[in-house]
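To start, the structure under review is shown below, and the notes come after it.
No value in this document is a laboratory result; all are computed from the given coordinates. The model shown is predicted, which means the values in this text are computed figures rather than measured ones. Cβ placement follows ideal geometry from the backbone for every residue including glycine, while neighbour counts extend to all protein chains displayed.
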Amino acid sequence: MMSDTVQGFSNVRRTRFWQKGFLASQSAYVLAALIVLIIIMALASPNFLTGGNIGNIVRNFSFIAIAALGMTLVIITGGIDLSVGSTMALTATVTSLTMVGLNGAGFHPFPGSALIISLAAGLGTAGLIGFLNGFAIAKLKLSPFVTTLGTLSIVRGLAYVTTYGRGTAPAGPDKELFLALTSGQIAGIPVGFVYLIAIALIMWTALNHTAWGRHVYAIGGNESAGRLTGVNVDRVKIQVYMLSALAAGFNGIIISGWLGSAPANLATAYELTIIAAAVIGGANLAGGVGGAAGAIIGCILIEVIRNGLVLARVDPYWQQTLVGCIIVAAVLVDRFRSLRNT
Amino acid sequence: MALLELKNVTKDFGAIRALNDVSFSVEPGQVVGLMGDNGAGKSTLVKIMSGIFQPTTGSLELDGKAAHIHSPGEARSLGIETVYQDLALADNLSAADNIFLGRELKRHIGPFRFLRRREMNARAVELFGELKSETRASDLVRSMSGGQRQAVAIARTRLADAKIILMDEPTAAISVRQVAEVLGLIHRLKDAGIAVILISHRMPDVFAVCERVIVMRRGTKVADKPISQTSPEEVTALITGARETA
Ligand SMILES: Nc1ncnc2c1ncn2[C@@H]1O[C@H](COP(=O)(O)OP(=O)(O)OP(=O)(O)O)[C@@H](O)[C@H]1O
Ligand SMILES: [Mg+2]
């Protein structure tokens, strides 16, 4: 093939398959580490690979993984979204409050109607938060860190204000449907996991096979180059913050289904775990690098470690310390690898 | 009729007057050299023609009609292509991705549009072949040499049918052999009726391909002459200010 032959340049070799693409990425190294870890755990603890425990792990990482996908999009553009934990809480709160309100008003023209309106209200709130983040960052040129630090606090405050600090619980004729759609199972698989896989596949396709995906990467790689070549940088940025908020909001609704209620302190400090998962999975905070598979791998790794510590009866307070070590280890490995390659 | 005409263009950045009352015109198929010391205002002039900056005062005409160019995309749709001085490449994308950035080839499947990767790669390979550049379409720009990066930036201007191509120091970082290729390309563009404005600090390049040379000094146009009526010595004197005007 023409593209592989470099005439006259005997010192330019063809790039080997393991030197490019997924196999050369941090995500692949972390996946390898994850597999090793799972094997060690399985050998060390007979309880690790039991159906019940795997179900626990899958459910727990699904709690943050959808939000981690949205976070990864933001990180690829070189941004950060600290408001995801708060957005999870407010979205769950608004969804639940709307259900309670419609129930109180006796509004229920057909089965599922209250649920549809409630989900629209909740996700609409999430979309609005994302839009405001994106607008402030893209159009007003505020820093992503400061902007979303602000919304973190504003949105959490609203979750407390609207429920007088007590939180709410979904109610009404669609409650069973709500619980089935958020905490139920399809063929023995938690629905949260099914949503996660579906969303990850869509995200992978969008990132790798659409012009929009190329623009997301280009903005992270060289924003001004994007502008000069006619990419609508501001619009793409607003879109990724909206998608991040929607993903977080959706994840928040799923969590509230599992809990059966939406406490005002739902998902407090989850933003840190979510960012950690994205970064462990290979998203580079400098922008331009990351992907759907990596985000999920990062979430699984964090949850497997947490689970392993529980099974080993290690003091749960060690978890945070260990997750921190793994973040540093993952970026260190990536650093050494890129040093060797350049 | 002039293809592109600038009329009394002035550009201020705060207290800095980067361009002062600059006027000139370019005919179809004409190759014009634009020379001047660092900071003379050459890149600013290019960015006004490619829609990145708006003139503070003055106007542009394209094919005899007033043109208000508000964005690089608009400039491209009017037939103005640009090789920027900093090349405007995204390091984390492949050469082919960079060439097609902002105007990807797409395939419609239902309501969705997917990239035509194979076609884009094939076209990129073709363009590098035309430029005689040893650049692989699927390689990341991050791992490329200065010359290869320049080839990517130049290849980008050959995607659409341009009327005029603005080249801001396209030969700054490349080898003697590749300079010859770029100059050859400029000759071919001229033969195809495409106008080129070539910014360069290299006197031999300008004298090899340009039929006219414009000299800028501190934001003001100090000379605009046919190449046949000037000499490298005179142009050097104009650039440095040893000679005031020509
Ligand atoms: N975006 C900007 N904001 C403020 N000042 C600017 C901006 N762009 C250019 N200038 C100023 O305008 C003047 C002309 O700069 P310009 O980049 O056009 O020079 P140049 O002729 O291309 O120089 P070089 O040969 O170094 O590329 C300089 O004084 C520069 O500092
Ligand atoms: Mg310049």
Checklist entry - Mean residue ellipticity at 222 nm from the helices of chain B, using -39,500 (n - 2.57) per DSSP H segment of n ≥ 4 over the full residue count, to the nearest 500 deg cm²/dmol? => result -9000 deg cm²/dmol
Checklist outcome for this item: GNM of chain A, Cα pairs under 10 angstrom: of A:Thr229, A:Thr91, A:Thr77, the biggest fluctuation goes to A:Thr229
Next on the checklist: Can you tell me which of A:Ala264, A:Ala277, A:Ala248 moves the most in a GNM of chain A? Springs connect C-alpha atoms under 10 Å apart.
Outcome noted: A:Ala264
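Return the average number of partner chain Cβ atoms within 10 angstrom of each residue Cβ along peptide B:101-114.
Values: counts 13, 12, 4, 6, 1, 3, 1, 0, 0, 0, 0, 4, 4, 7.
Counting Cβ atoms of other protein chains within 10 Å of each residue's Cβ and averaging gives 4.
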Checklist outcome for this item: As straight-line cross-link partners of A:Lys139, the qualifying aspartates and glutamates (C-alpha separation under 15 Å, not fewer than 8 residues apart within one chain) are A:Glu223, A:Asp234
Next on the checklist: For the protein assembly as shown, what are Rg and Dmax over the alpha carbons, in angstrom?
Outcome noted: 28.9, 91
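What's the Cα-based Rg to Rh of segment B:77-200, Rh via Kirkwood?
Working: Rg = 14.4 Å, Rh = 14.8 Å.
We get a ratio of 0.97 for segment B:77-200.
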Checklist outcome for this item: Once Lys and Arg are counted +1 and Asp and Glu -1 for all other residues with Cβ under 12 Å from that of B:Arg156, the total becomes +3
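Among B:Ser94, A:Ser153, which comes first, then next, by fewest other beta-carbon atoms within 10 Å?
Numbers: B:Ser94 23, A:Ser153 13.
In increasing order of surrounding Cβ atoms, one gets A:Ser153, B:Ser94.
Please report, in debye to the nearest 20, how large the charge dipole of segment B:91-160 is about its Cα centre when each Lys and Arg carries +1 at its beta carbon and each Asp and Glu carries -1 there. Please report the intermediate quantities before stating the final value.
Values: 14 positive and 8 negative charges, 56 e Å.
Rounded to the nearest 20 debye, it is 280 debye.
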Item to check | Among B:Gly110, B:Gly58, B:Gly41, residue whose mean-square fluctuation peaks in a GNM of chain B (springs only between Cα atoms under 10 Å) | outcome: B:Gly110
Item to check | Unit charges at the beta carbon, dipole of segment A:25-341: most positive-side option, A:Leu322, A:Ala180, A:Ser261 | outcome: A:Leu322
Item to check | Signed unit charges on C-beta, dipole axis of segment A:133-261, positive-most listed residue A:Leu140, A:Thr168, A:Ala206 | outcome: A:Leu140
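Net charge around A:Ala114, counting only other residues with Cβ within less than 14 Å of its Cβ (Lys, Arg = +1; Asp, Glu = -1)? Present the calculation step by step, with values, prior to reporting the outcome.
On the way: positive: A:Lys175; negative: A:Asp174, A:Glu176.
Net charge in that neighbourhood comes out at -1.
Report the charge-dipole magnitude of the protein assembly as shown in Debye, nearest 20, computed about the Cα centre from +1 at each Lys and Arg Cβ and -1 at each Asp and Glu Cβ.
Working: 51 positive and 39 negative charges, 123 e Å.
It comes to approximately 580 debye.
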Checklist entry - On average, how many beta carbons from a partner chain sit within 10 Å of the beta carbon of a residue in B:84-93? => result 6
Next on the checklist: Need one value for A:207-214: mean number of C-beta atoms belonging to other chains within 10 Å of its residues' C-beta atoms.
Outcome noted: 6
Item to check | Magnitude of the charge dipole, segment B:143-246, Cβ model with Lys/Arg +1 and Asp/Glu -1, debye to 20 | outcome: 200
Checklist entry - Which loop-located trypsin sites (Lys or Arg not before Pro) does segment A:140-213 contain, where loop means any DSSP state but H, G, I, E or B and the Cβ has at most 11 other Cβ atoms within 10 Å? => result A:Lys141, A:Arg166
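Please report the antiparallel percentage of the DSSP beta bridges confined to chain B, to the nearest 5. Could you put the intermediate results ahead of the total?
Working: 26 of 44 bridges.
Counting DSSP beta bridges with both partners in chain B, the antiparallel share is about 60 percent.
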Checklist entry - Most exposed first by the Cβ proxy, i.e. fewest other Cβ within 10 Å, how do A:Cys325, A:Cys299 rank? => result A:Cys325, A:Cys299
Checklist outcome for this item: For B:Leu4, other-chain or 5+-apart residues with amide H closer than 5 Å (H placed, Pro excluded) are B:Val26, B:Asp63
Next on the checklist: I need B:Arg217, A:Arg335, B:Arg76 ordered by Cβ neighbour count within 10 Å, fewest first.
Outcome noted: A:Arg335, B:Arg217, B:Arg76
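What does the charge add up to near B:Met1, with Lys and Arg as +1, Asp and Glu as -1, over the other residues with Cβ less than 15 Å from its Cβ? Before the final figure, lay out each step's value.
Working: positive: B:Lys7, B:Lys65, B:Lys163; negative: B:Glu5, B:Glu27, B:Glu61, B:Asp63.
Neighbour charge sum, excluding B:Met1 itself: -1.
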Checklist outcome for this item: The percentage of Cα-Cα pairs in chain B separated by more than 25 Å is 43
Item to check | Under 5 Å, built H, 5+ apart or other chain: amide partners of B:Val196 | outcome: B:Gln30, B:Val31, B:Val32, B:Ile165
Next on the checklist: Cross-link candidates for B:Lys225: which aspartates and glutamates have Cα within less than 12 Å, leaving aside residues fewer than 8 places away along the same chain?
Outcome noted: B:Glu211, B:Glu234
Next on the checklist: Placing +1 on the Cβ of each Lys and Arg and -1 on the Cβ of each Asp and Glu in chain B, which of B:Ala155, B:Gly58, B:Val26 has its Cα farthest towards the positive end of the resulting dipole?
Outcome noted: B:Ala155
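Could you tell me whether segment A:191-239 comes out rounded, prolate or oblate from its Cα gyration tensor? Rule is a ≥ b ≥ c as square roots of the eigenvalues, rounded for a/c under 1.5, then prolate if a/b exceeds b/c, otherwise oblate.
Working: a/c = 3.51, a/b = 2.72, b/c = 1.29.
Taking the square roots of the gyration eigenvalues as a ≥ b ≥ c, segment A:191-239 is prolate.
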Checklist entry - What would the Debye formula give as log10 I(q)/I(0) at q = 0.12 Å⁻¹ for the alpha-carbon point model of chain A, no solvent? => result -0.89
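Tell me, what does the Kirkwood hydrodynamic radius of segment B:14-135 come to in angstroms if you use every pair of distinct C-alpha atoms? Intermediate results must be reported in sequence, preceding the final value.
Numbers: mean 1/r = 0.0575 Å⁻¹.
Computed over Cα pairs of segment B:14-135, the Kirkwood hydrodynamic radius comes out at 17.4 Å.
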